[in-house]
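Right, one structure below, let's go through it.
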Amino acid sequence: MRILQLPALRDNYIYLLYDPETATAAVVDPTVAEPVLEKLAELQAELVAIFNTHHHHDHVGGNLQLLARYPRAVVYGSQVDRGRIPGQTVELQAGETVEFAGRQAKVLFVPGHTRGHVAYYFPESGDLFCGDTLFAGGCGRLFEGTPEQMLGSLDQLRQLPEPTRVWCAHEYTLNNLKFALTVDGDNPDLQARYQQVVALRQAGSPTVPSTIGEERRTNPFLRWDQPALQAATGVQDPVRVFARLRGMKDQF
Ligand code: ZN
Ligand code: FE
């Protein structure tokens, strides 16, 4: 399975999963259809699945146009998002498994950004598609969930193996790390990552994917139990540390 990263709109990433042997493809969070249709034509591949992480327009905006061209494609989304994912055909629950070209992905229920948010985790290849839950250096805003829910979701992701690639849905890394430095500035891993990300952006290169290990070491939203973050927020309880960090980032 090859993973193709298609930049779209201002800062979205659409992911095309492509299996050359069967000439089939699946797409994760198609905000728009055009770049997906172009790539499918170039690869001469058939779209067989759409994996949506949540219902926000910048993640499902291309669903119907893709379905018009590939009516047999299966559209996956959370059961909680029933009625708000265009063309949805499968309603997923936590712990279910989905499949593309013989590869299994676990459906992780990760509410907080929205109440139905799911992530798709391919354990064999170590690839995580986490939408707007975990970002490189940050996390999604709490639109429909509580800090408790989001903390539980991020904790689930934090426990995945360190080499797991984190394919998040937005290129927000530089700004995320600027904030991170204001709360965890003495962290040498964070300082080094910031320099790398500045260089990547200056070269016009993506900073995604990162890895779970990298996020554990440098993402303040996965570091609620570290003394530096407890000091920066002035609280100790994990949920309160997380809630304060999220509030500070909202104002940043
Ligand atoms: Zn979103
Ligand atoms: Fe988004």
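The values are calculated or read from the model by the stated rules, or taken from the named source; none is laboratory data. Note that the structure is predicted; figures quoted are calculated from it, not measured. Heads up, the Cβs are rebuilt from the backbone with ideal geometry, glycines too, and the neighbour counts pull from every protein chain shown. The accessibility values were calculated without ligands, DNA or RNA, using every heavy atom of the protein model including side chains. Shrake-Rupley method; radii C 1.70, N 1.55, O 1.52, S 1.80 Å.
Go through the stretch 51-60 and count every residue that is over 14 Å from Y15 (Cα atoms) and either buried (at least 19 other Cβ atoms within 10 Å of the Cβ) or charged (D, E, K, R) (or both).
Residues meeting the conditions: 3.
Kindly indicate whether any position in the stretch 148-165 is out of contact with any Gly (no Cβ under 7 Å at 6 or more places or on another chain), within 22 Å of L108 (Cα to Cα), basic (K, R) and open to solvent by 40 Å² or more (accessible area, probe 1.4 Å).
no
Run down V48, V74, V80, V90 and say which single residue is farther than 19 Å from V166 by Cα, touching a Gly at 6+ places or on another chain (Cβ under 6 Å), more than 16 Å from ligand 2 (Cβ to nearest atom) and open to solvent by 30 Å² or more (accessible area, probe 1.4 Å).
V80
Counting only residues that are touching a helix residue (DSSP H, G or I) at 6+ places or on another chain (Cβ under 9 Å) and farther than 21 Å from L108 by Cβ, which one in the stretch 51-71 is nearest to ligand 2 (Cβ to nearest atom)?
Checked the stretch 51-71; the qualifying residue nearest to ligand 2 (Cβ to nearest atom) is G62.
Scan the stretch 20-45 for residues that are open to solvent by less than 10 Å² (accessible area, probe 1.4 Å) and either within 16 Å of the chain's Cα centre (by Cα) or within 24 Å of L108 (Cβ to Cβ) (or both) and jot them down.
Result: A25, A26, V27, V28, D29, P30, T31, V36.
Of the residues in the stretch 72-101, how many are farther than 17 Å from D29 by Cα and touching a residue at least 12 places away in the same chain (Cβ under 8 Å)?
The number of residues fulfilling the criteria is 5.
Among the candidates A203, A180, A192, which residue alone is at pLDDT 95 or above, over 24 Å from L16 (Cα atoms) and open to solvent by 30 Å² or more (accessible area, probe 1.4 Å)?
Checking each option against the conditions leaves just A192.
If R141 passes every condition in (1) open to solvent by 60 Å² or more (accessible area, probe 1.4 Å); (2) within 13 Å of ligand 1 (Cβ to nearest atom); (3) more than 13 Å from the chain's Cα centre (by Cα) but one, which one does it miss?
(3)
Let me spell it out: the conditions are (1) within 16 Å of ligand 1 (Cβ to nearest atom); (2) farther than 30 Å from T22 by Cα; (3) under 13 Å from the mean Cα position of the chain (by Cα), and Y120 meets all of them except one. Which number is the exception?
Against the list (1) within 16 Å of ligand 1 (Cβ to nearest atom); (2) farther than 30 Å from T22 by Cα; (3) under 13 Å from the mean Cα position of the chain (by Cα), Y120 comes up short only on (2).
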